[in-house]
Amino acid sequence: MKLTDLKGIGDKTAKLLNKLSVYTAEDLVTLYPRSYDIYEKPVLVSELSEHADAPAVGIDAVVAKTPSLKRVRNLQILTTTLRDTKGDTIKATWFNMPYLLGSLKTGYRYIFRGRPIFKGNDWVMEQPALYTLDGYAKMTGVMQPIYPLTKGLSNKIVSKAVAQALEITDLKTDFLPDDVRSKNELAETNFALRGIHFPKDLRDYELARRRLVFDEFFIFMLNVRRMKENNDRLKNLMPVGNDKSTDEFINKLPYELTNAQKRTWDEVKADMCGPRLMNRLIQGDVGSGKTIIAILALMNTVRAGYQGAMMVPTEVLAIQQYEDINALFEKSGVNIRTSILIGSMTAAQKKRERERIASGEAQIIIGTHALIQAKVEYASLALVITDEQHRFGVHQRENLAKKGKSPHTLVMSATPIPRTLAIIIYGDLDISVMNELPSSRLPIKNAVVDVNYRPNAYRFIEKQVRAGRQAYVICPMVQKSDDGDVIEDERGDTFSDTNMSSTLENVVDYADKLKKELPADISVEYLHGKMKPALKNEIMERFNSGKTNVLVSTTVIEVGVNVPNATVMLIENADRFGLAQLHQLRGRVGRGAFQSYCIFVGTQNAKQANMERLNILKDSNDGFKIAEEDLKLRGPGDFFGIRQSGDMRFELADIYKDADILKQASEAASDIMEDDPDLVREEHKNLKIWLDRWNDRGEVVL
C-alpha cells in the first residue's frame, strides 16, 4: 500500500518518510521507535534532582505569579512561577507561545510537563506542556513511542501513520516454526509488531522486543550457517605461497612484529597455500597492527601473479590507506602497482582506474563499496580484504568475492567483541585474535570528568597545540535545525528540544563555541558523516597535514583514521555511548611517539551509575577486557537511550545487551540447518519464503 493512501499523508509527508527509507505502509510497520516517553506520576520540586536526567517530568502545580511577556530580538518569551502542592516553586518559560497567556491565570492548576534544568540557583522548566489533572491521569504509565525523524517531520505524524498501517496491513504469517517459538518462549509476530510500537505496559514491550530481536539474530545466523557450509566446500584454486621478497620487506620494517602479529601472519600464510580457500577474520584491538598483515597478504598475492583488493568503509580511510601503502612501498623499494577507486572520483578517473583493474595493470586495489559496482571487472582477483568488517553487510563482502573466480577472504575488525560472541557472529570464518600492542606504544592517560571541567580541558588542548600537537573533540549530534528546536544525529534522526537536544552536544555549535574559547590562531574545524565525501576528504586532509589544530567531529572518525600527531581526545556526553565504541574513539589518539590523553565528559546531570561505568575506561586500555565489562553491564533491563552507532547495527538487537538471545537464536539456526538445510519441510515453508524475501531486500549491516 502506498503511503499516500494513508489518512493525513500527502506527497510532501511521503517524501519526508522516504528519507527514512519508508516507502510503503508495510515499511512503516518496521520503522521501530528509537525510545519511549513514559508519563510517570507527578513529582515535587524538591524531588527534581532525582529526575534531572529524565527526558521530561510532570509537576502538579498552580500558577503562582502573573505571567510576563517580553520580546528579545525575534523571540517572545513568556515566564511565570509555579508552586507545587508542598509550596516549593519553579520558574517556567515558553518561547514564541504568547497564546498561553489566556491559560496561565494566577491560581490555575495544571500538570506542567517538561525537562527541568538547574540554572544558577533555581530550577527552570522550558516549554512545558499543560495538562488537566484528568487528562494527565489518562496518560500516566503509557509508553509513548519516539520515532527517528527528519527535518519537517513530527513524531505525532509518524505515530498516527504507524497506527493506521498496523490496522490496515494484513496480519503477517509467522515464519518461525512452532517448536522454535515454544522452546524459546517467544511472542507471536503480530503481537510483537503492535507491542513494539504501542505497548500497553513494560511487559508487553519486553515480550515484543525479545521476539523481534530474536528474529534479527535468527535470520542473520541462518545466513552465516549457509556461508559456512559453502566455505567448507570451496577448494583453493589459487594457492598463494610465501614469497622471499615479502620476508625481506618484513626485515626492512622500522619495527619488529609483535608475537600476536607473527602468529596471525603464520595462520594467514598457511590458509592461503592450504587445500581450501581462506576465510579468516583478524580481530585485533585498536592499534594492534592489523593493516600490516593485510599488506603482507596482498604482497604475496601479487608475487603469485594475482590481484588483491581491500574494501574500507569510508573514502577518508580509503585515501589514507592508499597513500600509506604507496609511501611504505616507495620507502622499501617495492615495485607493486596500486589503484584507488572511490565514489567521489570523476567519471574519467573512475573509467581510467577500471581499465587498469580489468587489464591487470593495477595489482592492489584500495577502495570503498565502489569496488563492487557492476562496471568493475578484475583480471585475476585472488584475495579480498574487508577492513572494519562490522561496517559491511555479509552480502557486500560476498559481492566483492564474486568479482573473482574463487578468491581468498580476509576480514578485519577492531570492534573488541568478546570471543564467546565472536565465535557465534563470525561462525563462517576462522578467527585470529591480535591482543597485543607494539611495545613502542605509550598507554593513553584517561580522565572521567563532568561539564565543570571543560575550561580546564580547553586550556589543556591549547597547551598541547602550542607543543605542536592536535586534538579531536567528539559530539554525538550533528547540528540544530534552522529554527533551533531539534538536532540531528549522524543517522539523520532528530530529537526535539523536549527530550534530548538540551543536553546533547552537536558539532556545529560546539565548533563555534571552541573558536571563542581558544585563541584565534588555533584552527578549529568540524566534520560529520552527512557532509559530501569530497568535503569530508578536504577537511581530513587539512587535519592530517596539521593545518587544522582541533577537529570537532561526530563518531564518523572512529573507523581507522590515523593521525599520529593527534594526542588529545575529548568526548562529550560520554555516558551516552557504549564502552566498546568509546574505546574505538579513544583509539584515534596514542598512534604516534607522543604521550596521548582521553577526556570523557559526562552529560550534565548524568546518572551516577553511568559515570561510574566510564571508570572502566579510565582504568584500562585493553579493548577485549572493556568489551567483556560492557557485556556484563549492559543488561536486558537497559532498554532505552541513544541507539548505539559503531557497534554491529541491527534495527533493535544489540550483541552485548542481547547476548542471551543471540545464543538462543544461534542454537535454533544451527538445529534447523542440520535438520533441514534446504528448508524443504512443510513446517519451514514460511521461513524459506521470508528468508528469500529478506535477502532480496537487504540485510543487517555488520
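Can you tell me which residue within the range 202-250, out of those that are among the charged types (D, E, K, R) and in contact with a Gly (Cβ under 7 Å, 6 or more places away or on another chain), is farthest from Ile38 (Cα to Cα)?
Just the residues of the range 202-250 that are among the charged types (D, E, K, R), to begin with: 203-204, 206, 209-211, 215-216, 225-226, 228-229, 232-233, 235, 243-244, 247-248.
Applying the additional criterion that residues be in contact with a Gly (Cβ under 7 Å, 6 or more places away or on another chain) yields 204, 225, 228.
Details: Asp204: 14, Arg225: 40, Lys228: 44 Å.
The residue in question is Lys228.
Select, from Ala370, Ala382, the only residue that is assigned to a helix (DSSP H, G or I) and not assigned by TED's automatic domain parsing to the domain that holds Val561. Show your work before the answer.
On the way: Ala382 fails: assigned to a helix (DSSP H, G or I).
Sole residue among the options that is assigned to a helix (DSSP H, G or I) and not assigned by TED's automatic domain parsing to the domain that holds Val561: Ala370.
Can you tell me which residue among Met569, Met531 is assigned to a strand (DSSP E or B) and not assigned by TED's automatic domain parsing to the domain that holds Gln320? Walk me through it before giving the result.
Details: Met531 fails: assigned to a strand (DSSP E or B).
On inspection, the qualifying residue turns out to be Met569.
Just checking, how many residues over the range 445-471 are buried (at least 20 other Cβ atoms within 10 Å of the Cβ) and part of a loop (DSSP other than H, G, I, E, B)?
Here the count works out to 1.
Answer yes if at least one residue in the range 146-157 is in a loop (DSSP other than H, G, I, E, B) and within 15 Å of Val29 (Cβ to Cβ), and no otherwise. Can you show your working first?
The first filter runs over the range 146-157 and keeps only residues in a loop (DSSP other than H, G, I, E, B), leaving 147-154.
Of the ones still in play, those that are also within 15 Å of Val29 (Cβ to Cβ) are 147-148.
Yes: the range 146-157 contains one or more residues that are in a loop (DSSP other than H, G, I, E, B) and within 15 Å of Val29 (Cβ to Cβ).
Filter the range 73-127 for residues that are assigned to a strand (DSSP E or B) and among the hydroxyl-bearing types (Ser, Thr, Tyr); which is nearest to Ser46 (Cα to Cα)? Break it down stepwise before answering.
Applying the first criterion (assigned to a strand (DSSP E or B)) to the range 73-127 yields 75-84, 89-95, 109-119, 122-127.
Filter once more, keeping what is among the hydroxyl-bearing types (Ser, Thr, Tyr): 79-81, 89, 93, 110.
Numbers: Thr79: 21, Thr80: 18, Thr81: 15, Thr89: 9, Thr93: 19, Tyr110: 18 Å.
In this case the residue turns out to be Thr89.
Among residues belonging to the range 301-316 that are farther than 18 Å from Lys405 by Cα and touching an Asp or Glu at 6+ places or on another chain (Cβ under 7 Å), point out the one that is surrounded by the most Cβ atoms within 10 Å (Cβ to Cβ).
From the range 301-316, those farther than 18 Å from Lys405 by Cα are 303, 312-316; that's our starting set.
Next cut, touching an Asp or Glu at 6+ places or on another chain (Cβ under 7 Å) only: 303, 312-313.
On the way: Arg303: 17, Val312: 27, Pro313: 20.
Among those that are farther than 18 Å from Lys405 by Cα and touching an Asp or Glu at 6+ places or on another chain (Cβ under 7 Å), it is Val312.
So, Val601, is that one assigned by TED's automatic domain parsing to the domain that holds Val451, within 23 Å of the chain's Cα centre (by Cα), within 30 Å of Glu47 (Cβ to Cβ) and not aromatic (Phe, Trp, Tyr) or not? Break it down into steps so the answer makes sense when it comes.
Numbers: assigned by TED's automatic domain parsing to the domain that holds Val451: yes; within 23 Å of the chain's Cα centre (by Cα): yes; within 30 Å of Glu47 (Cβ to Cβ): yes; not aromatic (Phe, Trp, Tyr): yes.
Judged against the criteria, Val601 is a match.
Can you name every residue in the range 653-702 that is among the hydroxyl-bearing types (Ser, Thr, Tyr) and at pLDDT below 85? Give the derivation first.
As a first pass, look at the range 653-702 and keep what is among the hydroxyl-bearing types (Ser, Thr, Tyr): 656, 666, 670.
Across the range 653-702, the qualifying residue is only Tyr656.
Has the range 200-216 got any residue that is outside the structural domain of Leu429 (by TED's automatic domain parsing) and in contact with a His (Cβ under 8 Å, 6 or more places away or on another chain)?
As a first pass, look at the range 200-216 and keep what is outside the structural domain of Leu429 (by TED's automatic domain parsing): 200-216.
When the remaining residues are screened for being in contact with a His (Cβ under 8 Å, 6 or more places away or on another chain), the result is none.
No.
Just the residues that are out of contact with any Ser or Thr (no Cβ under 9 Å at 6 or more places or on another chain) and under 11 Å from Thr368 (Cβ atoms), please, taken from the range 314-332.
Those that are out of contact with any Ser or Thr (no Cβ under 9 Å at 6 or more places or on another chain) and under 11 Å from Thr368 (Cβ atoms): Val316, Ile319.
Across the range 29-88, what is the number of residues that are closer than 21 Å to Leu104 by Cβ, out of contact with any His (no Cβ under 8 Å at 6 or more places or on another chain) and of a type outside the set (Lys, Arg)?
Total satisfying the criteria: 29.
Are any residues in the range 18-72 without any contact (Cβ under 8 Å) to a residue 24 or more places away in the chain, under 22 Å from the mean Cα position of the chain (by Cα) and assigned to a loop (DSSP other than H, G, I, E, B), and if so, which ones?
Scanning the range 18-72 gives Ser21, Val22.
Which numbered condition in (1) farther than 26 Å from Pro145 by Cα; (2) surrounded by 17 or more Cβ atoms within 10 Å (Cβ to Cβ) is the only one that Ser182 fails?
(2)
From the list Ser288, Ser332, which one is under 25 Å from Asn251 (Cα atoms), modelled with pLDDT under 95 and surrounded by fewer than 21 Cβ atoms within 10 Å (Cβ to Cβ)?
Exactly one residue qualifies, and that residue is Ser332.
Going through Leu78, Leu48 one at a time, which residue ends up being of a type in the set (A, V, I, L, M) and touching a Leu at 6+ places or on another chain (Cβ under 6 Å)? Spell out how you get there, then give the answer.
Working: Leu48 fails: touching a Leu at 6+ places or on another chain (Cβ under 6 Å).
Being of a type in the set (A, V, I, L, M) and touching a Leu at 6+ places or on another chain (Cβ under 6 Å) holds for just one of Leu78, Leu48, which is Leu78.
In the range 4-17, what residues are part of a loop (DSSP other than H, G, I, E, B) and surrounded by fewer than 16 Cβ atoms within 10 Å (Cβ to Cβ)?
Narrowing the range 4-17 to residues part of a loop (DSSP other than H, G, I, E, B): 6-10.
Hits for the range 4-17 are Lys7, Gly8, Gly10.
So for the range 137-152 (the condition being closer than 20 Å to Val45 by Cβ, aromatic (Phe, Trp, Tyr) and at pLDDT 90 or above), does at least one residue qualify? Don't jump to the end; show me each part of the working.
Initial filter on the range 137-152 (closer than 20 Å to Val45 by Cβ): 140.
Okay, now just the ones that are also aromatic (Phe, Trp, Tyr), so none.
Checking the range 137-152: not a single residue is closer than 20 Å to Val45 by Cβ, aromatic (Phe, Trp, Tyr) and at pLDDT 90 or above.
Filter the range 102-122 down to the residues that are out of contact with any Asp or Glu (no Cβ under 9 Å at 6 or more places or on another chain) and hydrophobic (A, V, I, L, M, F, W, C), then identify the one that is surrounded by the fewest Cβ atoms within 10 Å (Cβ to Cβ).
Phe118
Failed condition for Thr548, given (1) within 27 Å of Ile342 (Cβ to Cβ); (2) surrounded by fewer than 16 Cβ atoms within 10 Å (Cβ to Cβ); (3) of a type outside the set (A, V, I, L, M), with all others met?
Evaluating Thr548 over (1) within 27 Å of Ile342 (Cβ to Cβ); (2) surrounded by fewer than 16 Cβ atoms within 10 Å (Cβ to Cβ); (3) of a type outside the set (A, V, I, L, M) leaves (2) as the failure.
For every residue, the table says whether it meets (1) surrounded by fewer than 20 Cβ atoms within 10 Å (Cβ to Cβ); (2) at pLDDT 90 or above; (3) among the charged types (D, E, K, R); (4) within 21 Å of Gln604 (Cβ to Cβ).
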position	(1), (2), (3), (4)
Pro42	no, yes, no, no
Val45	no, yes, no, yes
Asp84	no, yes, yes, no
Leu133	yes, yes, no, no
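Please work out which residue is modelled with the highest pLDDT, limiting yourself to the range 617-649 and to residues that are within 18 Å of Ile423 (Cα to Cα) and part of a loop (DSSP other than H, G, I, E, B).
Applying the filter and picking the extreme gives Met648.
The values are calculated or read from the model by the stated rules, or taken from the named source; none is laboratory data. Please read all numbers here as calculations on a predicted model, not as lab measurements. Positions of Cβ are generated from backbone atoms using ideal geometry, with glycine treated the same way; all protein chains shown enter the neighbour counts.
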